[in-house]
Amino acid sequence: MLKRVFSTGLLAGLVAGLALAILQHFVTVPLILAAEVYETAAEAAATPAAHDHGAGAGDHHDHAAAPDQPKEWSPADGLERTLSTSVATIVTAIGFALILLAAMLLAGEEITPMRALAWAACGFAATGLATGLGLAPELPGSAGAALEQRQIWWIATAFATALGLYLMFRATPLWARLGGLVLLLLPHAIGAPHPHSYISTAPAELAAQFTASSLVVHAALWVIVGVSVGYFWMRMAAPIEAGTSR
Amino acid sequence: MNTQNQSLDQTLVAAAPAARIEVLKAALAAFIVGSALVYAMGFAHPSLLHNAAHDWRHGMNFPCH
């Protein structure tokens, strides 16, 4: 069982991650690179003394570091950066595939491509829609509240939404379904941490285009993860398990 | 005949929870490993991981900076 779960997660994640790596190379990454041009220009204008640290190629992350800190590794622009982003994409896709499998197995759900797709849609609602409602996808150069607070809100919202959807769709008692609805709404009633003022170095049109593109890429990831989890799970039914397994 | 059926039933009853426990164990392991992978790529603070996954974090709306 363990072998079947992990082989399915690995293969489904690999397929979804590779497809996404290609998709985002054409959809979201060009917008991030365009935003960095504005960000770098704004930084150079604001702090002329920081030229030595922030203006070079591949230094697109240094705005987070104090000027006197040693330069930290970041992938060089071009192939290295694309490869690095692609590896992160594939590893995350494997992670999503394993979490999807875990949830379906815990719920005692039959794992087929269509059912896994329905569960993946709920995954997208949890990690893409619910979190995006509070914290819209941001380009580099946007102001945000403290990182830890946003990360905690993000993770808590994704969990609460996933659990809330499960209770609403699968629980029988009315109170449990209502509890699910409360879980869906609670993160937004509490509210996501926001900065005191909205600042973005990139033009609003670019930011708006990025928000839409990011949600499309996010949805595509879950769709491919869902269908491939179902496909590989069925393909990997061991002959002895085939009769009895879910 | 009856005894045979009874013993078959007993075997099935005993086998069902054992199989379910195996499924739950595998699900738990998958959940832990899956969450660790997503956390490392989407949320971990070390700058090496942040810088490597930077574009992906922005693209997936993981809070980045």
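Please treat every number below as a calculation from the coordinates, not as lab data. These figures come from a predicted structure and were not determined experimentally. When we count neighbours, we look across all protein chains shown, and the Cβ atoms used for this are built from the backbone with ideal geometry, even at glycine.
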Longest segment of chain A lacking chymotrypsin sites (Phe, Trp or Tyr not before Pro) that sit in a DSSP loop with at most 11 other Cβ atoms within 10 Å = A:74-197
If you take the Cα atoms of the stretch A:112-223, find Rg, then find the Kirkwood Rh from the mean of 1/r over all pairs, what is Rg/Rh?
-> 1.03
What FRET efficiency would be calculated for the residue pair A:Ser197, A:Glu72, taking the C-beta separation as r and a Förster radius of 35 Å, to the nearest 0.05?
-> 0.80
For a label point 7 Å from the Cα of A:Ala45 along Cα→C-beta, name the residues of the stretch A:139-163 whose backbone N is under 20 Å from it.
-> A:139-144
How many partner chain Cβ atoms sit within 10 Å of a residue's Cβ in peptide B:44-51, on average, as a whole number?
-> 4
Using only atoms on other chains, find how many Cβ atoms lie within 10 Å of each Cβ of peptide A:30-39 and report the average.
-> 1
Over the residues of chain A, compute the C-alpha Rg and express it relative to 2.2 N^0.38 Å.
-> 1.17
Beta carbons within 10 angstrom, averaged per residue: use that to sort the peptides A:14-20, A:98-104, A:190-196, highest first.
-> A:98-104, A:14-20, A:190-196
Please compute the net charge surrounding A:Leu117, taking Lys and Arg as +1 and Asp and Glu as -1 over other residues with Cβ under 15 Å from its Cβ.
-> -1
Around B:Ala30, with a cut-off of 13 angstrom between Cβ atoms, what is the net charge of the other residues, counting Lys and Arg +1 and Asp and Glu -1?
-> +2
Measuring from its Cα centre, chain A shows a charge dipole (+1 at each Lys and Arg Cβ, -1 at each Asp and Glu Cβ) which, in debye to the nearest 20, is 1400
For helix A:147-170, report the angle its Cα long axis makes with the longest principal axis of the Cα atoms of chain A; keep it between 0 and 90° and round to the nearest 10°.
-> 20
Connecting every pair of Cα atoms under 10 Å apart in chain A and solving the GNM, the largest mean-square fluctuation among A:Thr127, A:Thr172, A:Thr89 falls on A:Thr172
